[in-house]
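Here's the structure we're looking at; comments come further down.
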Number of protein chains: 2
Amino acid sequence: MLKIRVMGVTTGGPLIILLSRRDAEKRDLHFGDRILIRRSRKRITAIVDIVHSKLLPTGYIGMFDEPLKKLGGREGDLVEVSPESKPASIGYIKKKLDGKRLNEKEISTIVADISEDRLSETEASCFVSACYCNRLSMNEIVWLTRAMVESGEVLRINRTPIVDLHCVGGVPGNRTTMIVVPIIAAAGLTVPKTSSRAITSPAGTADTMEVLAPVDVSMRKLEAVVKRTGGCITWGGAINLAPADDKIIRVEHSLNIDAEGQMLASVMAKKHSVRASHLLLDIPIGPNSKVCSRKAGLHLKRQFEEVARRLGMRIRVVFSDGSQPIGNGIGAALEARDSLMVLQNSGDAPPDLREKSLMLAGQILEFVGHAKHGKGALLAREILESGRAYRKLVQIIKAQGGRTFTYKRVKLGSFKRGISAARSGRVKAINNQTMTRIAKAAGAPRDAEAGLYLFRHVNSKVNKGETLYSIYANSSDKLRFATRIARTDSGFVIS
Amino acid sequence: MLKIRVMGVTTGGPLIILLSRRDAEKRDLHFGDRILIRRSRKRITAIVDIVHSKLLPTGYIGMFDEPLKKLGGREGDLVEVSPESKPASIGYIKKKLDGKRLNEKEISTIVADISEDRLSETEASCFVSACYCNRLSMNEIVWLTRAMVESGEVLRINRTPIVDLHCVGGVPGNRTTMIVVPIIAAAGLTVPKTSSRAITSPAGTADTMEVLAPVDVSMRKLEAVVKRTGGCITWGGAINLAPADDKIIRVEHSLNIDAEGQMLASVMAKKHSVRASHLLLDIPIGPNSKVCSRKAGLHLKRQFEEVARRLGMRIRVVFSDGSQPIGNGIGAALEARDSLMVLQNSGDAPPDLREKSLMLAGQILEFVGHAKHGKGALLAREILESGRAYRKLVQIIKAQGGRTFTYKRVKLGSFKRGISAARSGRVKAINNQTMTRIAKAAGAPRDAEAGLYLFRHVNSKVNKGETLYSIYANSSDKLRFATRIARTDSGFVIS
């Protein structure tokens with residue numbers, strides 16, 4: 001038995017504990033070893049680091065935050081420690097690395113081991129790489145989806161239909177969810193929307209909503225918000241929804257990779273966990289978007305449809321224009337401001353963001369039978385222009401614990417600089433990836449107030465010296481850094 | 001500027017440092033971030049963990065052992081800290097994950113970043129997986145080899161020829177190096193042998209030699225030992241020889257994978273780092289060995305020959321019998337005892353180990369022109385039987401700082417149990433992998449005194465109840481564990 005010593009260290013990652021050299025030697029444990037720790041009925045697996053200083057006396061186990069949170073317990077509590085052999089999933093990961101197909105049990109074992117932190121960072125990374133290099137079959141994708149759902153919590157709301165929406169991404173500023181959710185919730189639909197934070201983009205929907213309301217909402221609270229208002233926009237990471245997926249995404253993020261099979265499983269697991277009956281999927285297509293061609297879009301559409309069919313979920317897929325940013329703001333606060341402008345029916349609202357949101361909301365209203373074919377967008381516009389959508393967002397914000405304000409009060413980065421046109425002409429193209437790079441250089445997504453505000457879109461006329469966009473940052477260093485990139489390549493093609 | 005606080009924690013892995021929450025916030029740093037730390041002219045990259053307890057006061061940087069060793073410095077020394085962007089190799093790793101070929105510069109950048117610990121565990125793991133899934137081309141293998149050599153130290157001894165030997169492994173007990181090195185060094189050859197510790201086997205040559213002498217020998221000492229005695233048997237990990245390779249092997253080990261391209265580069269880098277002019281390569285072939293067929297052996301032979309040719313190294317490849325363990329002992333101490341028995345010309349010496357060692361030594365003597373074609377093994381036998389080989393081993397042991405003793409004094413595990421034949425008959429086969437599994441269950445390779453001692457080999461006659469082999473362990477638990485495995489499947493086929 002060892003006593004817990006709370007170290008107060010966050011690693012953000014794998015479960016690490018400390019043992020004094022003497023305790024480790026007594027148990028024949030070395031650094032990097034895997035041990036099982038038991039406290040009453042709870043048990044976790046963690047990796048050992050060895051202390052040979054006074055940092056930790058003999059008889060104690062030094063716990064970092066992540067294992068302590070999982071195991072529970074306080075300073076001085078007794079725990080039992082025993083060596084743990086390698087989990088079975090290691091063999092399955094090797095199998096996948098070897099290019100072989102996994103069966104349902106193998107996949108669910110891997111997912112359970114990942115979600116319970118029984119795999120080291122190395123092992124989990126190898127699984128992600130293996131699935132990236134040796135593509136997952138449709139069976140594997142469906143099993144992976146189911147396993148991810150089972151590894152986490154599921155929403156318990158007894159309503160039909162339950163609507164969800166998703167965009168495969170790649171288009172900066174494209175924050176339609178902030179507008180579509182209040183519109184369709186105002187129409188009486190149930191839409192328990194959980195979103196992600198930015199992975200490779202300047203802002204995720206969760207980051208954007210967070211400008212207006214807390215998104216770190218528990219499952220119980222989420223259920224209460226949805227029961228009261230019909231909708232919500234929260235961070236999926238806050239509830240234990242497909243927890244294995246978040247760990248997989250973390251690995252993908254560090255390498256900037258995006259494996260199709262895992263992406264399908266990841267998206268569908270989150271939808272299935274909220275028990276969505278109807279899913280609207282937006283696939284933006286454009287040369288610098290995630291999906292570059294109609295052919296690739298069609299392939300993805302079929303894949304999503306097949307997974308949805310096997311899960312018993314209805315799906316409707318919409319192809320949209322992914323050739324340039326949607327809306328004017330890029331970055332959480334700037335995108336939140338755009339959404340508020342649309343919902344508050346401001347004359348300054350970006351029309352492209354408004355029209356796309358109405359189209360998507362209309363598709364959903366038709367899909368679930370709330371509007372006749374071809375009449376959905378009309379109904380959506382009525383709901384928006386009447387102010388009902390904004391009132392619904394206010395309800396949702398309040399239910400999530402936020403407070404509302406007009407779009408003019410949204411706080412932006414305090415350092416600002418305009419990037420102007422090097423020549424006169426017409427904007428031929430705006431490169432999504434360049435815009436993303438500049439916004440990130442300015443501090444997005446970590447700094448919610450950093451980003452870009454576009455004054456021009458494709459086909460706009462512009463005179464030499466006119467401002468194409470402003471960069472917002474919260475430090476002069478970051479502003480300088482972003483400006484330097486923008487001056488090398490503004491991302492705009494003018495001719 | 002922050003002050004160093006020595007934490008006294010060994011992680012065995014990536015470079016981790018601690019910052020107080022306040023210092024981290026001031027610098028906009030989060031857990032998992034990469035930072036550059038500078039102390040006078042030294043600089044390292046490390047990953048941030050955040051402390052929010054009294055463990056670390058504001059103004060301090062908590063250093064674990066690995067970064068402290070690289071950076072140097074003591075408690076209270078001042079260091080500068082700045083955010084570090086992702087290294088370029090991340091993009092190259094993604095390229096390889098995508099199945100594309102890397103060029104020489106990309107490979108050398110990745111290797112430098114791995115050897116300098118600039119990559120996280122996740123990133124390094126993805127590189128290893130990518131090279132495993134998307135095989136390396138011959139060009140990539142050669143560049144990887146060169147980059148590994150350049151990332152580390154090289155031996156500076158002005159002699160010709162310099163001989164090296166390598167076995168691709170997979171056969172338990174096969175500790176011929178312990179015998180071949182003293183024979184050929186006694187013949188006047190220079191053989192600066194660096195070996196690995198066990199990765200997936202019950203013992204490596206370095207583990208075995210360590211029973212007799214320290215193997216944790218610096219480059220300067222190694223050069224001195226070789227200059228004095230002509231040979232050495234040390235642990236490659238102790239000298240900074242192709243350091244990136246050790247990190248790659250660590251990842252491979254955790255998943256039990258062995259990528260051919262990386263293996264070629266790994267072996268050849270270590271040979272090239274000691275400036276070997278002649279390499280003898282032993283490829284054991286057997287159904288439960290690493291190389292299972294003659295076809296696979298021929299493929300491997302050609303690959304090795306091609307890499308050697310491009311590096312300007314002469315190579316001779318020998319195919320040997322890998323169908324069963326070589327020698328009687330399996331496990332470091334038991335294998336060291338076998339080697340001593342052969343070198344001390346004991347009547348109990350395992351003849352298969354002796355004969356194979358003589359064959360290999362003979363091949364080398366012919367290869368470098370010290371013996372005529374077909375006469376090498378004869379010369380080797382003379383050197384062995386005259387006691388010159390043993391005296392050379394004694395010289396080497398003493399030069400490395402060990403002391404010699406007769407094979408009877410080799411200390412073995414204090415718990416022992418025999419596994420007996422379930423029927424009478426003739427031994428048809430012995431499964432290498434099963435023997436390995438049982439020896440590891442008994443505590444090998446971590447416990448040098450654990451392992452197996454075989455009383456029977458293939459084609460031996462055996463009566464029901466006679467002992468096939470003994471298991472040695474240092475705890476009754478481990479003995480029981482290994483015995484349970486052996487009783488389910490002894491690894492022997494008798495008919």
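So the check is Cβ under 8 Å with 6+ separation or different chains; which pairs have a first residue in region A:46-67 that's among the small types (Gly, Ala, Ser) and a second one that's in a helix (DSSP H, G or I)?
Note: pairs meeting the criteria are A:46/A:67; A:59/A:23.
Would you confirm, using the coordinates I've provided, whether residue B:109 is hydroxyl-bearing (Ser, Thr, Tyr), in a helix (DSSP H, G or I) and modelled with pLDDT under 90?
Working: hydroxyl-bearing (Ser, Thr, Tyr): yes; in a helix (DSSP H, G or I): yes; modelled with pLDDT under 90: no.
No.
Quick check, is residue A:429 surrounded by fewer than 18 Cβ atoms within 10 Å (Cβ to Cβ), under 30 Å from residue A:285 (Cβ atoms), hydrophobic (A, V, I, L, M, F, W, C) and out of contact with any Gly (no Cβ under 6 Å at 6 or more places or on another chain)?
Details: surrounded by fewer than 18 Cβ atoms within 10 Å (Cβ to Cβ): yes; under 30 Å from residue A:285 (Cβ atoms): yes; hydrophobic (A, V, I, L, M, F, W, C): yes; out of contact with any Gly (no Cβ under 6 Å at 6 or more places or on another chain): yes.
Yes: the conditions hold for residue A:429.
Take the residues in region B:288-319 that are touching a residue at least 40 places away in the same chain (Cβ under 8 Å) and under 30 Å from residue B:471 (Cβ atoms); name whichever of them is nearest to the chain's Cα centre (by Cα).
B:290
Taking the condition of being surrounded by fewer than 17 Cβ atoms within 10 Å (Cβ to Cβ) and touching an Asp or Glu at 6+ places or on another chain (Cβ under 8 Å), how many residues in region B:59-83 meet it?
Total satisfying the criteria: 2.
Given the criterion out of contact with any strand residue (DSSP E or B) (no Cβ under 6 Å at 6 or more places or on another chain), more than 14 Å from chain A (Cβ to nearest Cβ) and not in a strand (DSSP E or B), identify the matching residue among B:296, B:308, B:276.
Of the residues listed, the single one that is out of contact with any strand residue (DSSP E or B) (no Cβ under 6 Å at 6 or more places or on another chain), more than 14 Å from chain A (Cβ to nearest Cβ) and not in a strand (DSSP E or B) is B:296.
Quick one: would you say residue B:119 is touching an Asp or Glu at 6+ places or on another chain (Cβ under 8 Å), surrounded by fewer than 24 Cβ atoms within 10 Å (Cβ to Cβ) and not assigned by TED's automatic domain parsing to the domain that holds residue B:325? Explain how you work it out, then say what you get.
Numbers: touching an Asp or Glu at 6+ places or on another chain (Cβ under 8 Å): yes; surrounded by fewer than 24 Cβ atoms within 10 Å (Cβ to Cβ): no; not assigned by TED's automatic domain parsing to the domain that holds residue B:325: yes.
Against the criterion (touching an Asp or Glu at 6+ places or on another chain (Cβ under 8 Å), surrounded by fewer than 24 Cβ atoms within 10 Å (Cβ to Cβ) and not assigned by TED's automatic domain parsing to the domain that holds residue B:325), residue B:119 does not qualify.
Select from region B:124-153 the residues that are assigned to a helix (DSSP H, G or I) and within 14 Å of chain A (Cβ to nearest Cβ) and list them in ascending order. First the steps, then the outcome.
First, pick out the residues of region B:124-153 that are assigned to a helix (DSSP H, G or I): B:124-133, B:138-150.
Within region B:124-153, B:124, B:125, B:126, B:127, B:128, B:129, B:130, B:131, B:132, B:133 qualify.
Which count do you get for residues in region B:237-249 that are within 13 Å of another protein chain (Cβ to nearest Cβ) and in contact (Cβ under 8 Å) with a residue 60 or more places away in the chain?
Residues of region B:237-249 that are within 13 Å of another protein chain (Cβ to nearest Cβ), as a first pass: B:247-249.
Subsequent filtering for residues that are in contact (Cβ under 8 Å) with a residue 60 or more places away in the chain retains B:247-248.
Of the residues in region B:237-249, 2 are within 13 Å of another protein chain (Cβ to nearest Cβ) and in contact (Cβ under 8 Å) with a residue 60 or more places away in the chain.
In region B:1-10, which residues are surrounded by fewer than 20 Cβ atoms within 10 Å (Cβ to Cβ), part of a strand (DSSP E or B) and more than 12 Å from chain A (Cβ to nearest Cβ)?
B:3
Yes or no: residue B:418 under 21 Å from residue B:348 (Cα atoms), in contact with a strand residue (DSSP E or B) (Cβ under 6 Å, 6 or more places away or on another chain) and either modelled with pLDDT of 95 or more or loosely packed, with under 15 Cβ neighbours inside 10 Å (or both)? Before the answer, list the steps.
Values: under 21 Å from residue B:348 (Cα atoms): yes; in contact with a strand residue (DSSP E or B) (Cβ under 6 Å, 6 or more places away or on another chain): yes; either modelled with pLDDT of 95 or more or loosely packed, with under 15 Cβ neighbours inside 10 Å (or both): yes.
Judged against the criteria, residue B:418 is a match.
If a residue must be part of a loop (DSSP other than H, G, I, E, B), more than 12 Å from chain A (Cβ to nearest Cβ) and within 32 Å of the chain's Cα centre (by Cα), how many such residues does region B:11-42 contain?
Quick first cut of region B:11-42, residues part of a loop (DSSP other than H, G, I, E, B) only: B:11-15, B:27-33, B:40-41.
Filter once more, so that each one left must be more than 12 Å from chain A (Cβ to nearest Cβ): B:15, B:40-41.
Those left that are additionally within 32 Å of the chain's Cα centre (by Cα): B:15.
Of the residues in that region, 1 qualify.
Considering only residues of region B:87-123 that are at the interface with another protein chain (Cβ under 8 Å from one of its Cβ atoms) and closer than 23 Å to residue B:152 by Cα, which is nearest to the chain's Cα centre (by Cα)?
Across region B:87-123, the extreme among qualifying residues is B:121.
Between a first residue in region A:115-129 that is closer than 15 Å to residue A:102 by Cβ and a second residue that is polar (S, T, N, Q) and modelled with pLDDT of 90 or more, which pairs have beta carbons less than 6 Å apart while being 6 or more apart in sequence or on different chains?
From residues that are closer than 15 Å to residue A:102 by Cβ, the pairs are A:126/B:125; A:126/B:129; A:129/B:129.
Among the helices (runs of 4 or more DSSP H) contained in region B:158-272, which hold 1 or more residues that are crowded, with 24+ Cβ neighbours inside 10 Å, among the aliphatic types (A, V, I, L, M) and touching a strand residue (DSSP E or B) at 6+ places or on another chain (Cβ under 7 Å)?
Details: elements: B:177-186, B:205-210, B:219-229, B:243-255.
Where helices (runs of 4 or more DSSP H) fall fully within region B:158-272 and carry at least 1 residues being crowded, with 24+ Cβ neighbours inside 10 Å, among the aliphatic types (A, V, I, L, M) and touching a strand residue (DSSP E or B) at 6+ places or on another chain (Cβ under 7 Å), they are B:177-186, B:205-210, B:219-229.
In this structure, does residue B:439 turn out to be crowded, with 17+ Cβ neighbours inside 10 Å and either touching a residue at least 40 places away in the same chain (Cβ under 8 Å) or assigned to a loop (DSSP other than H, G, I, E, B) (or both)? Break it down stepwise before answering.
On the way: crowded, with 17+ Cβ neighbours inside 10 Å: yes; either touching a residue at least 40 places away in the same chain (Cβ under 8 Å) or assigned to a loop (DSSP other than H, G, I, E, B) (or both): yes.
So residue B:439 passes the test.
Might you check whether a residue that is touching a Leu at 6+ places or on another chain (Cβ under 6 Å), closer than 30 Å to residue A:157 by Cβ and at pLDDT 95 or above occurs anywhere in region A:366-374? Outline the logic, then answer.
Let us first name the residues in region A:366-374 that are touching a Leu at 6+ places or on another chain (Cβ under 6 Å), namely A:371.
Subsequent filtering for residues that are closer than 30 Å to residue A:157 by Cβ retains A:371.
Then drop every residue that is not at pLDDT 95 or above, which leaves A:371.
Yes.
Just the residues that are among the aromatic types (Phe, Trp, Tyr) and either touching an Asp or Glu at 6+ places or on another chain (Cβ under 7 Å) or surrounded by 20 or more Cβ atoms within 10 Å (Cβ to Cβ) (or both), please, taken from region A:446-480.
Restricting attention to region A:446-480, the residues satisfying the condition of being among the aromatic types (Phe, Trp, Tyr) are A:453, A:455, A:469, A:472.
Across region A:446-480, the qualifying residues are A:453, A:469, A:472.
Provide a single number: the residues in region B:84-106 that are surrounded by fewer than 18 Cβ atoms within 10 Å (Cβ to Cβ), assigned to a loop (DSSP other than H, G, I, E, B) and not hydrophobic (A, V, I, L, M, F, W, C).
8
Return a yes/no flag: does region A:46-58 have any residue that is more than 10 Å from chain B (Cβ to nearest Cβ) and buried (at least 20 other Cβ atoms within 10 Å of the Cβ). Spell out how you get there, then give the answer.
Of all residues in region A:46-58, those more than 10 Å from chain B (Cβ to nearest Cβ) come to A:46, A:57-58.
Filter once more, so that each one left must be buried (at least 20 other Cβ atoms within 10 Å of the Cβ): A:46.
Yes - at least one qualifying residue is present in region A:46-58.
The values are calculated or read from the model by the stated rules, or taken from the named source; none is laboratory data. If you're wondering where the values come from, they're calculated on a predicted model, not measured in any experiment. As a convention, Cβ positions derive from the backbone with ideal geometry for all residues, glycine included, and neighbour counts pool all protein chains shown.
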